[in-house]
1. Given H placed 1.01 Å from N in the peptide plane, which residues other than close sequence neighbours of Val358 have an amide H under 5 Å from its amide H?
2. In the neighborhood of Glu189, defined by Cβ-to-Cβ distances under 11 Å, what is the net charge if each Lys or Arg adds +1 and each Asp or Glu adds -1?
3. Tell me whether the range 67-119 comes out rounded, prolate or oblate; compute the Cα gyration tensor, take square roots of the eigenvalues as a ≥ b ≥ c, and use a/c under 1.5 as the rounded threshold.
4. Which entries of Lys22/Lys360; Lys360/Lys406; Lys22/Lys207 have Cα-Cα distances beyond 29 Å here?
5. Report, ordered by chain and residue number, the aspartates and glutamates lying within cross-link reach of Lys150, taken as a straight Cα distance under 16 Å and ignoring same-chain residues fewer than 8 apart.
6. Where the only charges are on Cβ atoms (+1 Lys, Arg; -1 Asp, Glu), what is the dipole of the chain about its Cα centre, to the nearest 20 debye?
7. Roll a 1.4 angstrom probe over the protein heavy atoms and tell me the percent of accessible area of the range 146-249 that is carbon or sulfur.
8. Excluding Pro365 itself, calculate the net charge of residues whose Cβ lies under 13 Å from the Cβ of Pro365, where each Lys or Arg counts +1 and each Asp or Glu counts -1.
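The values are calculated or read from the model by the stated rules, or taken from the named source; none is laboratory data. Not measured: the values here are computed from a predicted model. Quick reminder, even Gly has a Cβ in these numbers, built from the backbone with ideal geometry, and neighbours come from all protein chains shown. Only protein heavy atoms, including side chains, enter the accessible area calculation; ligands, DNA and RNA are left aside. Shrake-Rupley method; radii C 1.70, N 1.55, O 1.52, S 1.80 Å.
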Amino acid sequence: MNKLIVTGGTQLRGEISVSGAKNAALPVLIASLLTSEIVRISNVPHLNDITTTLELLGRLGVQFVVDEKMTIEADASELTDLRAPYELVKTMRASILVLGPMLARFGQAEVSMPGGCAIGSRPVNLHIKGLQAMGAEIDIKDGYIKARAKRLHGARIFLDISSVTGTENLMMAATLAQGTTVIENAAREPEVVDLANCLIAMGARIKGAGTAEITIEGVEKLSGAEHRIIPDRIETGTYLVAAALSGGDVRLRNARPDLAESVIEKLREAGAHVETGPDWVHLDMKGERPRSVNVRTAPYPAFPTDMQAQFVVLNSIAEGTGTVTETVFENRFMHVHELQRMGADIEMQGNTAIIRGVEKLRGAPVMATDLRASACLALAGLVAESDTVIDRIYHIDRGYECLEEKLSQLGARIRRVADYPAPAMRAAAAGD
Ligand code: EPU
């Protein structure tokens, strides 16, 4: 297994480009299931989660043409299977998103029930309840969700929690349902809006995406379309935090700072000088140490849970004491134990981390537990004395395109090494 080795101590400087948003690209690729015509999607990030999505759609019979710039043409004209198997769903929970589109277009679908994961139990009851309200018959048997419907019909659906993928699944299903569907307390995340824009380009009638009430008037069929994925606001935030932590001066291009306002506001509060344009953002820390900030995660447009771990690191080396409260997932603080091993002074009180900033962290062997936790360990390595060796970095490869190349471009000392056997095993292998 590969590891990342980060040698701390450099101030990040320079310019890099932001990739397409993972959490927009996944549902948009899956939306190709809704039509027999070709959907052409550009600015798709090169990530393991994208490969998993292509593998899943490929198993269902979708054909792809992928060019060197990761523009993907998806052709779902002839599906051969309507079943998302456990071995793929367990590696990527977003696979649940095939349920709505397959059911809407083909009248049946079978998707393995995703289990819990490192950040919480993450049930899919809202996806199921919403599809039932649209007339689907759903059985949960042998670990699979088995859904059928002659044709889905419109419904008024209230989501108890404004689930992102829940909103996306139901919005996709509703595009081909008979009649009008209204999703109340819908997720307002920019990735939901990006998916809606792609669906609208495919001929769907959707109003209100980006607000808490989305109205979808079902149509008989959708057509092919071209769509460009929005820039990744979480990747943007992650590199801005990296710059701020290191006292650096970094410019990000191909960005959408308007989608990262809550994060940029907190960085300004931490002492960063941030300037933005329509597609760029520039953060200059002027060599200063950041000040602690208090952060509370909540659905968009509030502070994103996907930036929580990065701000725990920021506070770990900031001046003063800051709190980070997680309200979206129940178990998203696994990185805290690893940061404590690197010398961070963090006390947990329920779902709040109380962080007293220290001048420097110390390098240590650490282990990643989920995508954002792994990114936060890489950030911690940038401001640690000596080397930080991060294990299980496959989590990073799920969601950050070329993380070490981008950080290196900014001057960070970071490298990927293939795992090697422990000394005793090496000696044995060498025959001595
Ligand atoms: N929830 C339910 N029932 C449901 C669905 C959700 O109780 O049927 C709960 C969840 O357990 C959680 C809360 O609702 O406590 C919000 O979860 P949500 O459904 O919004 O999360 P998600 O759609 O599974 C997406 C992103 C996550 C991101 C969250 C929150 C994708 C593919 N994933 O997950 O991204 O953290 O929204 O913004 O869009 C990541 O990129 O690292 C990541 C985990």
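1. Excluding prolines and chain starts, which carry no amide H, the hits are Ile317, Ala318, Asp345.
2. That sum, taken over residues with Cβ under 11 Å, equals -2.
3. Oblate is the answer for the range 67-119, as a/c is 1.5 or above yet b/c matches or exceeds a/b.
4. Lys22/Lys360
5. Correct list for Lys150: Glu110, Glu137, Asp139, Glu220.
6. Value, rounded to 20: 380 debye.
7. That fraction is 47 percent.
8. 0
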